[in-house]
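Undergrad: Next up is a structure, given as structure tokens.
The values are calculated or read from the model by the stated rules, or taken from the named source; none is laboratory data. Computed from a prediction, not measured in an experiment: that's the story for all the values here. No Cβ is skipped: glycine too gets one built from the backbone with ideal geometry, and neighbour counts run over all protein chains shown. Accessible surface areas use protein heavy atoms only, side chains included; no ligands, DNA or RNA. Shrake-Rupley method; radii C 1.70, N 1.55, O 1.52, S 1.80 Å.
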Amino acid sequence: MRQWIEKQRYIIDFTISSLLRRKVKNFGLLALYTLIVFMLASTMFFTYSIKKEASLILKDTPEIIVQKIVAGRHDLFPVSYIDTLKKIRGVAAVESRLWGYYYDGLVSANYTLLVPPANGDTSGKSRPSAKTTVVVSESGGQQADKSKPLFELGGAVLEPGTLITGNGIARLRDIGKDDYMPFRAFDGSVLNLRIAGALSSQSELVSSDLLLITAEDFRKLFGIDNRYVTDVTVAVNNPSEVEMVASKIRKALPEARPISRVEILRTYDSIFNWRGGMMIVIFSAAVLAFVIFAWDKASGLSAGERREIGILKAVGWETSDVIQMKFWEGAVVSLTAFFTGVILAYVHVFFTGSIVFEPALKGWSSLYPNFELTPFVNLEQLTTLFFLTVVPYTVATIVPIWRAATIDPDSAMRFTGE
Amino acid sequence: MILHPSVIANLLASYISSGMVLYAMFYGVQILRYWDIQSGHELQLVLERKTYLISTLLSYVFGLQLLSLFLFIFTADSLAPLFVGAMCAVGTLNVDPYGYPALTLKILNFILAGLWLILNYADNQGYDYPLIKRKYQLLAFVAPVIILEMILESAYFLGMKPDVITSCCGSLFSSERVTGLGSEIASMPALPMLWFFYGVMSCTLICGIVFYLKGLGGYLYAALSLLIFLISLAAIISSISLYIYELPTHHCPFCIIMEEYSYIGYLLYIILFGAVVSGLGVGVLSPSRNVESLKLMLSGFIRKLALTSVILYAAFTALVTYKIVSSSLVISYEVVY
């Protein structure tokens with residue numbers, strides 16, 4: 001065993017010094033290789049961590065959201081339906097919600113208007129539900145995140161005539177506390193609301209375009225009658241009953257559409273998987289080009305290299321030794337490129353906010369949140385990355401390596417035209 | 001199909017290994033038909049060179065099989081949130097009928113590729129390619145299985161459809177799926193299974209040591225190592241996993257490779273796979289012990305293989321025992337679920 005290790009060490013030594021002898025050629029390959037790894041790794045790190053972020057946020061959403069559907073479109077939900085929902089067995093609490101979008105022509109951006117839940121105790125988060133908290137067993141850091149509400153009012157009090165803005169809006173409109181913000185109501189009249197405070201910047205992914213408003217102002221702004229709300233959320237005590245409760249809601253209220261939390265999570269997951277996969281499919285053209293390049297590099301031996309292999313074989317190296325040398329050459333190049341690319345991608349995604357790919361992966365809006373992704377890298381991503389980059393490279397170089405290794409020493413050394 | 005990066009990587013790996021095996025097989029058939037070490041014909045020289053290529057190719061396939069086995073489970077595990085009722089790889093593999101067959105073939109191919117490499121190593125020790133025909137006969141057997149695995153894996157991944165919100169049917173879309181095979185294996189009684197595992201394991205270890213010392217019972221050891229491999233897998237599902245999770249109801253063979261259990265599963269499975277490959281290698285090489293050019297080295301190599309296998313199995317048992325002893329789960333009576 002020891003002897004074997006020593007032999008490999010000598011071969012690696014020899015390989016590295018031979019690689020360094022042809023700096024320009026090998027560094028060109030290495031740079032290209034690193035670039036490919038970097039692009040794929042950035043895509044994957046970005047989609048994975050944004051998926052993680054989304055799932056962390058959605059973990060605290062209500063189990064079921066019930067909307068009313070008219071002609072396949074989302075309609076206002078009659079308050080009188082709430083009693084029907086409350087009667088369904090297994091439902092712990094029903095909370096009505098008022099929210100909507102407001103288009104601000106001044107800055108051509110859409111705001112999300114939300115009436116914060118009246119009292120905290122029915123809002124899913126502080127509801128004591130032993131079952132759901134036991135199931136969720138995350139590491140300590142995320143536990144701390146979980147206990148934090150999605151948006152913090154920062155001490156501001158919301159009363160009629162005031163609103164609380166998200167950071168994105170404050171940035172876009174360049175306004176702050178105690179400024180007034182005019183809104184055009186449904187009937188054309190102007191509603192002037194005072195800003196009572198801003199939301200904390202930690203939760204910017206969800207609250208960038210958010211405006212918190214009182215129910216009274218909300219109804220005044222959009223002309224919504226007291227008998228209607230936007231939709232309702234249903235809390236279910238036992239998580240394994242969610243599907244059952246949803247189907248009961250459908251039976252009791254045929255025009256309602258219950259959407260469960262897991263379905264939203266699944267959909268987000270699919271969307272981001274699809275986006276990441278799409279990017280990788282697009283990049284596969286680049287990978288293919290790189291593989292062709294690697295093939296060409298490996299098969300187009302220069303006269304010097306041919307002679308080198310010829311001499312090695314003449315002094316007693318066997319074909320399998322030459323293959324081993326070439327294997328180590330590939331391993332050195334691959335691992336260097338792989339790890340450099342991964343580290344660069346990590347810096348790119350988590351420290352510079354992935355400037356290069358952001359627009360394609362995140363979607364677009366004029367009120368986009370500024371947020372820093374929580375670094376999230378696991379073994380699965382690295383293995384996948386390895387398969388998408390190192391494996392194609394290695395496979396592309398096997399046949400050229402074998403061709404090089406089986407050159408007859410005499411025919412190799414006869415080539416002296418360097 | 002789900003356009004997930006890992007799915008793409010899995011399919012890529014599978015296509016690459018079947019492509020390489022097909023290529024190797026092409027020359028393998030020529031070797032089987034025209035190989036004649038006495039001849040100085042040009043074709044013979046070409047074939048002799050090709051053997052280097054094929055063994056290099058297959059070493060890569062072997063490495064790829066090992067990695068892709070774990071990637072496959074990883075992928076299945078990370079896709080779980082997309083399917084109703086799936087909480088880890090078990091659920092995802094049950095999504096369509098090709099999941100478990102693909103996984104089984106992956107394990108089988110890993111073992112076969114390992115055996116091929118052992119045969120290849122032994123063959124390279126003799127100056128006159130003594131095992132070449134046998135080697136390529138084995139390849140002729142491995143290649144179709146790898147192709148079949150590629151087909152099953154493609155069918156598995158391409159047939160997947162995630163349960164996501166479609167335009168307007170909300171939760172009705174998520175009909176409950178009937179859980180399948182995975183949970184059936186788990187219902188074996190835990191404690192008897194554990195005793196059975198320890199019993200067969202001690203027989204295997206004793207037999208292996210006897211073989212190492214006296215050179216007797218090579219085939220018996222190979223057979224036992226295959227048997228104990230299967231029993232170990234069953235024992236992991238039905239009882240060992242319970243101790244690792246410290247939950248009397250959780251039988252998953254896949255969750256133990258996850259972060260929550262400090263990746264202990266990798267260690268267990270790698271040891272186990274290494275043990276069965278080297279154990280079966282004893283059986284594969286034993287018939288060639290009397291080949292003239294291998295006489296000197298082969299029996300030493302076989303004994304080394306047996307020793308490796310015995311050590312690995314012993315390490316597996318020690319690890320499992322440690323996990324069971326240090327676990328806070330105590331099974332005092334059996335509840336049948």
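Undergrad: Quick check on the range B:41-92: what does the Kirkwood estimate of hydrodynamic radius come out to from the alpha carbon pairs, in Å?
TA: 13.7
Undergrad: Looking at the range B:1-162 from every direction and averaging, what is the projected area of its Cα convex hull in nm²?
TA: Its average projected convex-hull area is 9.2 nm².
Undergrad: What are the residues whose amide H is under 5 Å from the amide H of A:ALA93, where those residues sit 5 or more places off or on another chain and H is modelled from the backbone?
TA: Result for A:ALA93 returns A:ALA235.
Undergrad: Here's another thing I want to ask about it. Compute accessible area for the range B:67-82 by itself and then with all protein chains, 1.4 Å probe, and report residues whose area falls by 30 Å² or more.
TA: With the partner chains in place, the range B:67-82 has these residues losing at least 30 Å²: B:LEU67, B:LEU71, B:PHE74, B:PRO81, B:LEU82.
Undergrad: Also, quick follow-up: Using only protein heavy atoms and a 1.4 Å probe, how much accessible area in total is buried between B and A, to the nearest 100 Å²?
TA: Heavy-atom accessible area buried at this interface is about 3800 Å².
Undergrad: What helices does chain B have that are whole DSSP H segments, at least 15 Å long along their own axis by Cα, and with mean Kyte-Doolittle hydropathy of 1.0 or more?
TA: B:5-34, B:42-79, B:132-158, B:190-214, B:218-235, B:264-285, B:295-326
Undergrad: What ranking of A:TRP295, A:TRP402, B:TRP195 comes out by heavy-atom accessible area, probe 1.4 Å, highest first?
TA: B:TRP195, A:TRP295, A:TRP402
Undergrad: Further question: At a 1.4 Å probe, which residues in the range B:6-41 are at least 10 Å² less accessible with all protein chains present than in their chain isolated?
TA: Flagged in the range B:6-41: B:SER6, B:ILE8, B:ALA9, B:LEU12, B:ALA13, B:ILE16, B:MET20, B:TYR23.
Undergrad: Moving on. Can you give the Kirkwood hydrodynamic radius of the range A:229-369 from its Cα pairs, in Å with one decimal?
TA: Kirkwood hydrodynamic radius for the range A:229-369: 21.6 Å.
Undergrad: So, one more: About the Cα centre of the protein assembly as shown, how large is the charge dipole given +1 on each Lys and Arg Cβ and -1 on each Asp and Glu Cβ? Please answer in debye to the nearest 20.
TA: In debye, rounded to 20, the protein assembly as shown gives about 1100.
Undergrad: Along the three principal axes, how long is the range A:297-363 when you take its alpha carbons, biggest first, rounded to the nearest angstrom?
TA: Principal axes ranked by extent give 60, 19, 15 Å for the Cα atoms.
Undergrad: A follow-up question, please. Report the charge-dipole magnitude of the range A:157-236 in Debye, nearest 20, computed about the Cα centre from +1 at each Lys and Arg Cβ and -1 at each Asp and Glu Cβ.
TA: With Lys and Arg at +1 and Asp and Glu at -1, about 80 debye.
Undergrad: Based on C-alpha coordinates, I'd like the Rg and Dmax of the range B:180-329, in Å.
TA: In order Rg, Dmax, the Cα atoms of the range B:180-329 give 16.9, 56 Å.
Undergrad: For the range B:43-61, which residues drop by 10 square angstrom or more in accessible area between the chain on its own and all protein chains together (1.4 Å probe)?
TA: For the range B:43-61, once contacts with the other chains are taken into account, B:ARG49, B:LYS50, B:TYR52, B:LEU53, B:THR56, B:LEU57, B:TYR60 lose 10 Å² or more.
Undergrad: Averaging over all projection directions, find the projected area of the Cα convex hull of chain B and quote it in nm² with one decimal place.
TA: That works out to 19.3 nm², a quarter of the Cα hull's surface.
Undergrad: Return the tail of the calculated pair distribution for the protein assembly as shown, meaning the percent of Cα-Cα pairs more than 53 Å apart.
TA: 25
Undergrad: Per residue of the range A:178-195, what does 6.51 cos²θ - 1.76 cosθ + 1.60 with θ = phi - 60° give for ³J(HN,Hα)? Whole Hz please, x for Gly and Pro, Karplus curve as stated.
TA: Karplus values, whole Hz, x for Gly and Pro: 6, 6, 9, 10, x, 10, 8, 6, 4, 9, x, 6, 9, 10, 9, 10, 8, 7.
Undergrad: Positive end of the charge dipole of the protein assembly as shown (Lys, Arg +1 and Asp, Glu -1 on Cβ, about the Cα centre): tell me which of B:LEU312, A:ILE309, A:ILE292 has its Cα farthest that way.
TA: Checking the options against the dipole of the protein assembly as shown, the answer is A:ILE309.
Undergrad: Determine the shape class of the range B:1-94: with a ≥ b ≥ c the square roots of the Cα gyration tensor eigenvalues, call it rounded for a/c under 1.5, and otherwise prolate if a/b is greater than b/c, oblate otherwise.
TA: The shape class here is prolate.
Undergrad: State the extension gain, in nm to one decimal, for the chain segment bounded by A:GLU159 and A:ASP296, taking 0.36 nm per residue of separation less the distance between their alpha-carbons.
TA: 42.2 nm
Undergrad: Just check the range A:218-267 against the gyration tensor rule for me: Cα atoms, a ≥ b ≥ c as the square roots of the eigenvalues, rounded for a/c under 1.5, and otherwise prolate or oblate depending on whether a/b exceeds b/c.
TA: prolate
Undergrad: Calculate what fraction, in whole %, of the accessible area of the protein assembly as shown sits on carbon and sulfur atoms when a 1.4 Å probe is rolled over the protein chains.
TA: The value for the protein assembly as shown is 64 percent carbon and sulfur by accessible area.
Undergrad: Could you give the dipole magnitude of chain B about its Cα centre, charging the beta-carbon of Lys and Arg +1 and that of Asp and Glu -1, in debye to the nearest 20?
TA: Computed charge dipole of chain B: roughly 960 debye.
Undergrad: Same structure again: Per the helix-only calculation at 222 nm, which mean residue ellipticity applies to chain B, given -39500 (n - 2.57) for every DSSP H run of n ≥ 4 and division by its residues, nearest 500 deg cm²/dmol?
TA: When only DSSP H runs of four or more count, the value is -24000 deg cm²/dmol.
Undergrad: A follow-up question, please. How large is the accessible surface per residue of chain B, computed with a 1.4 Å probe and reported in Å² as a whole number?
TA: Ligands and nucleic acids excluded, the figure is 43 Å² per residue.
Undergrad: Follow-up question, since we're still on this one. Beyond 24 Å, what share of the Cα-Cα pairs of the range A:1-129 is found? Please give it as a whole percent.
TA: For the range A:1-129, the share of Cα pairs beyond 24 Å comes to 65 percent.
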